[in-house]
Structure formats: C-alpha cells, structure tokens
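Report on the structure given below.
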Amino acid sequence: MKFPLSWLEEKISHGLSVAELGERLTLAGLELESIAQDAKNLIFDIELTPNRPDCLSVHGIAREVAAITGNAIRDIAVKPIKAEINDTWNVDNVAPEACPRYCGRIIKDINIKTVTPTLIKERLVACGGKPINIVVDIINYVMYEVGQ
C-alpha cells in the first residue's frame, strides 16, 4: 500500500518522526518497505499481509496509527448534497449485521471532459494509480482514501 505521508497527516497527528513512524508501523505488523520522495511528498510503501485488508486505505492506516499513538483520527468532512432529480433506485442490504449502512445515489449528466483536480491526480499517482478521467479518478480516490 503506497500513500503520501501528507495525506495520512491530514487524517491524524502522530507526533513521530518519519523514521519513528515507519518503525512503529513495522512493529505493529505493517512492514515498511520503503520511503521515497516525489516532487511534493514522502511516499510510504507498506507491505501488507493477507490478514490486514483493513489497512488497504489511507483511513485504515490512520486507524492503525491511532492505535499505535493513542491519538484520535480526524473525522472525514462530508457535506450533504441535496438531490436535484427524483429518480430512485432500490438498495437492498442483504447483510445488515456486516454492513449496517449501504446506500447509493443516481447521478446524471456527468461531463466526462471535466479535468480532475490536481490534488486528486497527485495523490492517485503517489498511491501507484494513474489518472484516467474524472469519474474513474474519483472512484479510485475514494478507494485509496477509505477502501470502499
């Protein structure tokens, strides 16, 4: 799992040096393979074992850092957006015990030619992804951020 340290630090203040953070993550079972520098960021590359899919996102790594340091994760700011169309789609949550909330929204008239913001492109590249178009980039960004 590759991620820019700056993205992690938006989610949690850890109070550790880069070397200490890498060592503590390794001791917690998330082996630090390397730390590299791109044009703007330090990029952590962590080797994950199959039993740690919870750390396949920046938010998952932040949860691990919270466990290591005792510091709290910053909430993800989500601003509700009012629906502008009346179309509906039935969502059937067949496993509410495993997934207490599952939802969806219909989005229409997306301009696929919209340019992906630079910050999103930079983070995708830092995580080993490749910007493609606004729709794919947002989907991949959310996957890297929260694993969903």
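Points worth noting:
- Label-reachable residues, the range 133-147, where backbone N falls under 19 Å from a point 7 Å from R105's Cα toward its Cβ: 134-147
- Rg followed by Dmax, in Å, when the chain is reduced to its Cα trace: 17.4, 52
- Exposed-loop-free span, longest in the chain, where chymotrypsin sites (Phe, Trp or Tyr not before Pro) count as exposed if DSSP calls them loop and at most 13 other C-beta atoms lie within 10 Å: 1-88
- Once exposed loop trypsin sites (Lys or Arg not before Pro) are cut out (DSSP; at most 15 other Cβ, 10 Å), longest piece of the chain: 1-39
- Between the range 87-148 and the range 52-82, the alpha-carbon center distance in angstrom: 17
- Exposure rank, largest accessible area first [M1, M143; 1.4 Å]: M143, M1
- Across the range 120-148, the residues whose backbone nitrogen lies under 16 Å from the label position 7 Å along the beta-carbon direction of I81 are 120, 134-143.
- The overall shape of the range 66-134, judged from the alpha-carbon gyration tensor, is oblate: a/c is not under 1.5, and a/b is no greater than b/c.
- Prolate/oblate/rounded label for the range 1-60 (Cα gyration tensor, a/c 1.5): rounded
- Rounded to 10°, Cα long-axis angle of helix 58-69 versus longest principal axis of the chain: 40
The values are calculated or read from the model by the stated rules, or taken from the named source; none is laboratory data. Bear in mind that the values here come from a model prediction, so they are computed numbers and not experimental data. Backbone-built Cβ (ideal geometry, glycine too); neighbour counts: all protein chains shown. These area figures cover heavy atoms from the full protein model, side chains too; ligands, DNA and RNA do not enter into them. Shrake-Rupley method; radii C 1.70, N 1.55, O 1.52, S 1.80 Å.
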